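Bear in mind these aren't lab numbers, they're just calculated from the coordinates by the rules spelled out. Note that the structure is predicted; figures quoted are calculated from it, not measured. In this analysis, Cβ positions are derived from the backbone assuming ideal geometry, glycine residues included, and neighbour counts consider all displayed protein chains.
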Amino acid sequence: MPIRILPIADTSPVVLPEPLGFGRLFTRRMYNRRFEVDRGWFDATIGPYDPIVLSPGAQILHTGQAIFEGTKAYVRPDGRLGMFRPDANAARFNRSAERLAMPAVDPVEFVDAIETLVALEREWAPRGEGSSLYIRPVMIATEATIEVRASRSYLHYIVLSPAGPFFPGGFQPVAVRVEEDHVRAAPGGTGAEKTVGNYAASLYATEAARAAGYQQVLWLDAVERRFVEEAGAMNVAFVYDGGEIVTPALSGSILPGITRDSVLRLAPDLGFPMREARLDVDEVLADIASGRITEAFCMGTAAVIAPIGRFGRRGRDVIVGGNVAGPVATRVYRALTDIQYGRAEDPYGWTRIVDVDAVRSAA
């Protein structure tokens with residue numbers, strides 16, 4: 001589907017603020033296209049970043065049909081921009097769409113739209129460790145009706161955000177509180193998809209944890225409140241005996257993270273065997289206390305790898321690895337970000353270089 005490039009009024013030089021923060025600043029352009037059941041996808045455009053006009057009856061506001069993705073573009077040492085596994089984001093976007101009875105997008109058009117938008121907004125890409133041009137594709141239901149059914153019309157849009165590190169301290173240990181009263185997702189629900197409702201349901205427990213001095217929540221399974229699932233909006237992993245990495249097995253209520261999948265493939269090549277398992281929280285905390293678990297870390301697009309320094313549960317804290325970033329998490333973080341930023345070879349074919357010249361000449 002061809003993309004119409006619309007003019008924007010503001011073409012002044014881009015000056016990024018310091019510090020950037022995360023997800024608070026947006027570029028001047030955005031991508032839009034619409035869907036109607038009798039037309040399919042149509043009217044793909046890149047134009048000014050503007051407010052979205054919706055009817056008060058739009059189904060996104062009533063049935064909550066909304067999905068999103070998150071990926072990044074990185075400035076490489078040679079000045080080019082590289083995207084990390086956008087094809088995997090396209091595949092997951094369509095899995096989420098199917099689960100919410102929304103229309104699929106063409107994966108090639110999805111990635112091309114991202115590449116075109118990123119190329120046009122090249123000047124917004126920040127440099128520096130932990131900085132990136134964050135890419136947020138979204139789909140929402142737009143039909144004006146309060147019937148409880150799938151919408152007949154949708155908006156798919158993409159916005160870009162120049163971003164610094166997800167955690168203000170960068171690659172430093174975070175504190176995580178075990179959540180036992182609330183759950184993120186249940187078997188048969190939408191926990192394995194990136195739906196807006198999943199994140200809305202997580203906010204109460206997350207804000208309570210932050211008020212208590214923790215950065216993230218450790219979610220347990222919804223049935224027994226016993227098995228570890230995710231850490232905040234990220235996957236989680238534990239390092240046993242200084243070398244083996246274990247992450248909770250996908251259960252249908254755990255998001256199949258793209259960073260998680262990358263670490264599963266990368267870690268063994270670094271000398272760290274990695275496996276998936278069902279992890280009992282009591283056993284995990286006991287293994288931390290005994291020293292058998294030497295490190296723990298989160299995995300996700302926003303932070304890439306975030307070491308965990310302490311777990312809180314029922315008013316008591318358990319310290320992991322002396323509350324410092326451990327050697328395994330550090331090695332995995334460096335190896336993965338070296339690929340993302342183009343500082344190392346990419347033997348996995350994960351990186352897609354943005355062809356800025358081709359996009360701009362076509363525009």
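Structure notes:
- Across the range 331-342, rounded Karplus estimates of 3J(HN,Hα) from the backbone phi angles (6.51 cos²θ - 1.76 cosθ + 1.60, θ = phi - 60°) give 5, 5, 4, 5, 5, 6, 6, 4, 5, 4, 8, x Hz, Gly and Pro being marked x.
- For the range 174-325, the relative contact order works out to 25 percent when only alpha carbon pairs closer than 8 Å and six or more residues apart are counted.
- Extension gain (nm, one decimal) between Glu283 and Glu180, 0.36 nm per residue minus Cα-Cα: 35.5 nm
- Phi-based couplings in Hz for the range 310-317 (Karplus 6.51, -1.76, 1.60; Gly and Pro marked x): 7, 10, x, 8, 6, x, 10, 10
- Residues in the range 263-286 reached by a label modelled at Asp338 [backbone nitrogen below 18 Å; 7 Å Cα→Cβ]: 263-273
- Applying the Karplus relation 6.51 cos²θ - 1.76 cosθ + 1.60 with θ = phi - 60° to the range 272-281 yields 3J(HN,Hα) values of 10, x, 9, 9, 9, 7, 8, 10, 6, 5 Hz, where x marks Gly and Pro.
- The modelled label-to-label distance between Arg316 and Leu203, using points 7 Å beyond Cα along the C-beta direction, is 3.4 nm.
- Proximal charge balance of Gly23 [Cβ under 12 Å; K/R count +1, D/E count -1]: +3
- Calculated FRET value between Arg127 and Val37, using beta carbons and R₀ = 51 Å, to 0.05: 0.70
- The residues Tyr134, Tyr341, when put in order of fewest to most other Cβ atoms within 10 Å, stand as Tyr341, Tyr134.
- Taking label points 7 Å from Cα along the Cα-to-Cβ direction, Thr45 and Asp10 give a separation of 1.9 nm.
- Percent of C-alpha pairs per 10 Å bin in the range 174-325, short distances first: 12, 45, 36, 7.
- Fewest neighbouring Cβ atoms within 10 Å first, the residues Val318, Val118 line up as Val318, Val118.
- Fully extending the segment from Val53 to Val108 would add 17.0 nm, taking 0.36 nm per residue of separation and subtracting the current Cα-Cα distance.
- The residues packed around Asp221, meaning those with a beta-carbon under 12 Å from its beta-carbon, carry a net charge of -2 if Lys and Arg are +1 and Asp and Glu are -1.
- A cut-off under 15 angstrom between Cβ atoms defines the neighbours of Ile52, and their net charge, with Lys, Arg +1 and Asp, Glu -1, is +1.
- Among Val183, Val14, sorting on how many other beta-carbon atoms sit within 10 Å of each Cβ, with the fewest leading, yields Val14, Val183.
- Gained length - Glu147 relative to Glu18, 0.36 nm times residue gap less alpha-carbon distance: 41.8 nm
- Stokes-Einstein, applied to the Kirkwood radius of the chain over Cα pairs at a viscosity of 1.306 mPa s and 10 °C, places its translational diffusion at 74 µm² s⁻¹.
- Seen from every direction in turn and averaged, the convex hull around the alpha carbons of the range 1-86 projects onto 9.0 nm².
- Residue-averaged [θ]222 nm for the chain, counting only DSSP H segments that reach four residues, each worth -39500 (n - 2.57): -7000 deg cm²/dmol
- When each of the peptides 15-24, 77-86, 348-357 is scored by how many other beta carbons lie within 10 Å of its residues on average, the order from highest to lowest is 77-86, 348-357, 15-24.
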